[in-house]
Structure formats: structure tokens, C-alpha cells
Amino acid sequence: MQIRKVIKSLAEGKIPQVGYLPDSLLDSLATISSYRGKISRLTSLERVLTTIRHKEPDRVPVAPLANAVARRIIGVSFPEYSTIAEKAADVFTASVDFVGADLIVTLLDLSVEAADFGQEIVYPEQSTAQPNYLNPLIRDVDDYLKIKSIDFSKAKRMNEFVKLCEIMVNRMGFKTLVSGFIFGPLGILSMMRGANHFFKDCLNYPKNVKKACGAITETLVEFAQAQCDTGIPALAIDTLFASWNALPKNVWEELEGPFAREIAMCIKKNGGVVGIHNCGHNLYFDAQIRSMEPEIISFAQLPDDCKTPQEMKARYGDYITLVGYIPTPILVNGTPQQVMDECKKQIDILAKDGGYILAPGCEYPPNISLENAFALVKAAELYS
Amino acid sequence: MTTFHPILKNLEQAVFSKDPDRVDELFQDKSITDLDHALIVNALTQGLETARKELGTMTVSVAEFLLSVDAMRQGFEHLKKLAPEDKDRPKAVIGVIKGDVHVLGANIIAGVMEALGYDVKNLGQDTDVEQFLSELKQSKASILGLSSMMSTTLADMKETIARCKRELPNVKIIVGGACLDENLAKAIGSDGYAASAAQLPETLDEIERLIDPKKTSRKYVDYDRKIQVIESS
């Protein structure tokens, strides 16, 4: 049955769900690609699949995460990008065609799910969509108990996002690996409450928060399933609150850990690759790995149990593919040469034996020039 | 009156252990009225300082630190009933740049600045340059703190800094936020950068030296010198 699904994806010109293939086959394919990469150029797909099996490809794969910034290439407004799947797909396509990418993550903004739960969202012309925190859906701690799962068929923005995934999977085919995206339940609740109150509620009223997480997760599992149904081979879960600049580790494990796991298991059941994105400081790699058993972690800062990138590579690099972590300030303020120097430094430490994708720590800043995105791609070509 | 009165130690502990109910309870104790206002302030701010240091070593998370800030503020509210508010504190205005709605960082910084003895006006989210200028002029604040989490608002931050410097050249500006680092903070024209609340006292020391190199510290707690009394300027 699973092999049939793999064959069907291949016949449709899509990347198959690698989770359906036996590890031994994937390792053999990665080994062959790794050898072939020494004498010839690999495709983006081969490059990414080789690195996530912890073999060295021809060069480091690169994911510039030049998402919203690529609106400017084709003249799409922020509100159109956030709300119209076809427009967003054109933006992501322009990003791949113009800047280049071995992996794209269809992160639009963090308000997609909260909007469908009823949070008022504002859509500025010059910035990413965001909640109107002056009108939060959750006004006091009892409101958490009123949060219910929603009828997914009526979830306008999530369904538009699923459409985006579908367009991109079909459009990219074998060219570039496309990952879906889902914001974790704590992040969504924070959008509906405002971080200041929400952080404190997590400590003072954990039962209320957890109940709301449960209700939201029912919908998120449907959202994950719908993304997987498009044939998307990987899906990133954003668990921002699993970091020191949010909650204590034990509190995160109690509040979001089990729900993040439900989402991750849905992805795995569909043969998808589970990724985590977390741009917090001192993030909890260990707790997130226990919860979601991911193959990939995209990060902006070192995990709380590692003092250096070398230590992170030694501790996690043989079973987690590390994605990152060029700092946003360097992308905003640095010259292309400075960006490339930083890329080289990270490649030198993290690329050995595969398991590494060069990327910004978070989405490429949407309102700056694209020249440093080009620098990222060039660095991957030059320094691997 | 002694620095080692048990209520003081308990207040400090209540703030550190993020327990506003305990702060309330301690202020119900009649013996607190015999204590010097300054020592009570000192106990509350020392509690937050201990939490801030643990924030710096990542032993305390941001969520926990916020609760300590609340407990300290609870104590300040009680103090207002016991003694007239100190009107002579150095003034600061802070806020989040227009277009950005992430107030958490600014709220934390406001709490730490209050603990350091500043009279802080926090303008909150989505604040435009006119609001900053108006508040600075009205309050005669010498420090402006600008926060932005999103890179999309950096151009506005740069413009806000330029405009404030043009109209109020004596006001010193510190910036912070997830999208910034020290180099970028300099590049957009700020006078100082605080990576986090943990680093804030050092940044404020530098800023105050820019304002007046000879000025004596007016902080409630002079952490560097470990003196537990209020100094006068």
C-alpha cells in the first residue's frame, strides 16, 4: 500500500514520501548520490535527501528562505501574499527561479491558524500579517476554556495554505523539495492572547492553557493531514515556545509536548519528514526531539545544552539534520562578503558528513535587498 | 531600622520567587511602616536583580522573569500608599516601533529599568515617532528605548532615531529586539544596544556616562559597588 503511494507520487512527477521507503534503501541511495556527487553535480532533491541521510552531497544544500521578500520580484503585495494561494505560489516560484533553493518552506506568516480560530488579523501593506493585539480573542484566563476545534472545511486561511502546498508540490516536481508549515498550539494561543499575558498564563493557569492546546491540536492534525494529502514530502512544526526566551523546559514539555507529538505522528504516518523550526534562544533540542522525533531542526541560536556549534554538531549532527543559522542582523546589515564569510564559518563546522542545510536562522528579512540571499546561495556553491 | 529586617529579606525572596500574593501579605505586616522607604525599594529591586542574573545565566526563563517583574510592581503599588512617590527619578520613554506589535521585550525592559530606579513611560506597541517625541518633550526624559522584533520595521526604527536626534539631540537612544545586534544598532544611529534584560544595566551605565560623565549613579541599587542604599545625584 505504502509502496503504491510512492509509485503513484513518482508517476505524478512528485517527490515521494520518503518515510514509506525502508531506511536501508534510503541509505543506499544516499551513499550512491554521495559518491556520484564527488564527480558530478546532483539535483536539489538528491542533495537534500543525501544530507538528511547524513551523507555528504556534492555541496551543502541551501535554503535561503527568501519567502515574502520575493514578492518584490513579481510585484505581489503583502496582503495578497498572505491570503491568495496562487499569488503566494508565484512568489515562492520566483524565489526558487530567481534566487535558487534546494529546499523551500512554505512559511507565509504566523497568523494563518489564529485567523481561522477567530482572531482579528491585520494585513499591512508593508509588513507581514499579524494579530490585532488590541482586540485579542482570549481576554481572560477563562476564555481558554471556550476555545474549540473548528470545522476544517470552513478554515479559510488554512485551506488557502493547503492550496499553496498543492500548487508548489505540483509546480516544483522533482526540482526542489517543498516543506509545509504549521504553527504549534502554544504559538497560536499566543497570537490570540498576546505574549505578555500568555507567558504568565502558562505558568499560572496551565490547565486552562493545556485544554485550549488540546482543542486547537484537533484542528492542527487535520491541517497537517490536509498538507500531507497534497503530496508534500516534509512538514515543519514551529514550536517557538520550547526555548528559554519563552517557557521553562518542563512547562513546555507538559503544555505543548504531547500535542506537538500528535502533529508529528500524523506527518510520519503519512510518510512525511518531520522538521522543527524554532528561532528562540537556548532552544530545547532534547525536549523537542523527545516529543516530535524530527529528522530536521531549523534554528537561529544554539540549543541550551551546547555552548558551541561544534558541540551541537557532535551531540546532534549524526541523527538530526541541522538547518541554519545565519543571523538576521548580518543579512540586514552585512555586505554580501560578510554574509559569505559567516556561511563559510558555519559550513566548515557543520557540513562534515552531511546532516546540514545552509539557511538563515529565520525567514530572510522581507523588506531588504535580495543581494544577501544571493550571497547565501553563492556561499553554498563556493565553500562546500 | 535595619537592612536585615526579616520583612526585607522576605520581600526580596517573594519577588525572586515570583509570588505577588506573598508581597501583598508582607505589606499587610504593620512593622513595614517603620522601615525606610528606600530599604523597601531596595529589597524589591534586589529580588528582581537576582531573577535578572538568573535570566542572564538562562536558569530563569523569560516567562518566569515576567512574573518576578509583576511581583516587584505589586510591591511598588503598595509603597505608593506608604510614602509619596519619588518624583526625582531619572526619566525614560520606551516603546515598540510603529508596525510592530510585539510588546513583550519592551515590557521586560521597562520592568528592569524600574528596578534600576528609572521612572519609565512605556508607550507599548505600534508607536509612531510623533508619539515618542511628544512623550519625550512632555516628560523631559533623557533616555529613549526602542524595541522591534520584526526586521520589517527596521527602516522605521532608523527614521525614528534620526528624527528624535534631530529634534532632541540630548536624548540618548538605546535599542533592542530579535532582529538587531550591536553592529546593526550602531548602523541605524542608536547610542546603545541591549541584547537582553541581562545586559541592560551595563548598557544604561554607558548611556548615562554619555549623558553626564560626572554624574553619580541615581540607581536604587548600585550593583557594581554592592551598596544597598539610594544615592543622590
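Here are the numbers:
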quantity	calculated
Pair list, Cβ < 8 Å and 6+ apart or interchain, from the stretch A:318-330 residues that are more than 17 Å from A:Ala66 (Cβ to Cβ) and away from chain B (no Cβ under 13 Å) to residues that are of a type in the set (D, E, K, R) and not in a strand (DSSP E or B)	A:Asp318/A:Asp353; A:Ile320/A:Glu295; A:Thr321/A:Glu295; A:Leu322/A:Lys313
Failed item in (1) touching a Phe, Trp or Tyr at 6+ places or on another chain (Cβ under 8 Å); (2) within 13 Å of chain A (Cβ to nearest Cβ); (3) touching a residue at least 40 places away in the same chain (Cβ under 8 Å), with B:Leu116 passing the rest	(2)
Answer residue from the stretch A:139-173, given it is more than 25 Å from the chain's Cα centre (by Cα) and in contact (Cβ under 8 Å) with a residue 60 or more places away in the chain and is surrounded by the fewest Cβ atoms within 10 Å (Cβ to Cβ) among those	A:Asp142
Hits in the stretch B:58-77 - residues which are at the interface with another protein chain (Cβ under 10 Å from one of its Cβ atoms) and either of a type in the set (Gly, Ala, Ser) or without any contact (Cβ under 8 Å) to a residue 12 or more places away in the chain (or both)	B:Met58, B:Thr59, B:Val60, B:Ser61, B:Ala63
Of all residues making up the stretch A:333-366, the number that are more than 22 Å from A:Met312 (Cα to Cα) and more than 20 Å from the chain's Cα centre (by Cα)	6
Among the candidates B:Lys9, B:Lys80, B:Lys30, residue that is over 19 Å from the mean Cα position of the chain (by Cα) and without any contact (Cβ under 8 Å) to a residue 12 or more places away in the chain	B:Lys30
Failed criterion for A:Lys200 (all others in (1) under 27 Å from A:Glu295 (Cβ atoms); (2) within 13 Å of another protein chain (Cβ to nearest Cβ) hold)	(1)
Pairs, first assigned to a loop (DSSP other than H, G, I, E, B) in the stretch A:354-365, second of a type in the set (Phe, Trp, Tyr), C-beta under 7 Å, six or more apart	A:Gly361/A:Phe299; A:Gly361/A:Tyr325
Matching residues, the stretch B:107-152, being among the acidic types (Asp, Glu) and surrounded by 21 or more Cβ atoms within 10 Å (Cβ to Cβ)	B:Glu114, B:Asp126
Pairs with Cβ under 9 Å, 6+ apart, first in the stretch A:31-56 and in contact (Cβ under 8 Å) with a residue 40 or more places away in the chain and over 15 Å from A:Gly173 (Cβ atoms), second surrounded by 15 or more Cβ atoms within 10 Å (Cβ to Cβ) and of a type in the set (Phe, Trp, Tyr)	A:Thr51/A:Tyr356
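Quick note: the coordinates plus some simple rules give every number you see, no bench work behind them. Everything quoted here is computed from the prediction, not taken from an experiment. Methodologically, a virtual Cβ is constructed for each residue, glycine included, from the backbone with ideal geometry; neighbour enumeration extends over all protein chains shown.
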